[in-house]
Amino acid sequence: MENIVIRPSNLLPLVGGLLLVFNLIWIALRKPFRLFFGANLFAVYLVVLISLTILPFSFSVFKEPLPETIFQPLRVNLYPFGIGRLGTLSPHLNRVDLLNIAAFVPFGFLLPFTTKKGKLPIILFALLATLAIEITQLVLTSRVPTYSRAFDVTDLITNMLGAWLGYLISRLFFMGEKKNTQAI
C-alpha cells in the first residue's frame with residue numbers, strides 16, 4: 001500500500017458540501033445578506049489559508065513507521081524576528097514574514113463582515129487561528145517524517161499584525177461606506 005497524500009484539492013468537495021449546508025441554515029435563520037456574503041468569503045479564505053499553511057502532507061496508515069521516525073525532533077523557533085539568534089540584537093523582516101502579514105490581512109478584513117463584534121474578538125480569533133495553525137504544524141512535524149514546517153513565534157506576531165491591519169482596512173471601508181450613504 002502507498003502513502004496517503006492530503007492535498008488542497010481533496011478538501012474541495014468537503015468544503016462545497018459544508019458551505020451548502022451552512023448557506024441553507026443561514027437562509028433559514030434569515031440573517032442579513034452582508035453577513036451572509038462575508039461569512040461565505042471568510043469560509044473560502046480559511047480553506048485557502050489552511051491549504052497554504054498546513055497542506056499538503058502525506059502519511060501512511062498501512063506501513064509501520066521505523067522506530068527512529070516515530071518521534072521526529074520538534075522544530076520550534078522562539079526567537080522573534082531573529083533577535084538573539086547568532087548573537088544579533090537587531091530584528092529583521094524577511095520575505096516569509098511579509099507573506100505571513102499579507103496572509104492574515106484578509107482574516108482581519110473579512111471577519112468584521114461575519115459578525116458585529118469589535119476589534120478585541122477579531123484579534124483574539126486571529127490569535128486562536130494562528131495558535132491552531134502553529135500547533136498543528138508542530139504536531140505534524142513530530143508525527144509525519146516528510147512534514148517540514150515549524151512552530152515559529154515570529155509567525156504568531158506577523159499573523160496578528162496582518163489581522164490587525166486587515167481590521168483597520170475594514171474600518172476604513174466601513175467609514176467610507178457610511179459617508180457615502182449619508183451623502184445620498
For residue 112, state whether it is in contact with a Ser or Thr (Cβ under 7 Å, 6 or more places away or on another chain), modelled with pLDDT of 80 or more and assigned to a helix (DSSP H, G or I).
yes
Keeping to the range 21-70, report how many residues are at pLDDT 75 or above, small (Gly, Ala, Ser) and under 23 Å from residue 149 (Cα atoms).
1
From 162, 166, residue being buried (at least 16 other Cβ atoms within 10 Å of the Cβ), over 17 Å from residue 115 (Cα atoms), small (Gly, Ala, Ser) and at pLDDT 80 or above
162
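The values are calculated or read from the model by the stated rules, or taken from the named source; none is laboratory data. For clarity, every value in this text was computed on a predicted model and none was experimentally measured. Cβ coordinates were reconstructed from backbone atoms using ideal geometry, including for glycine residues, and neighbour counts include every protein chain displayed.
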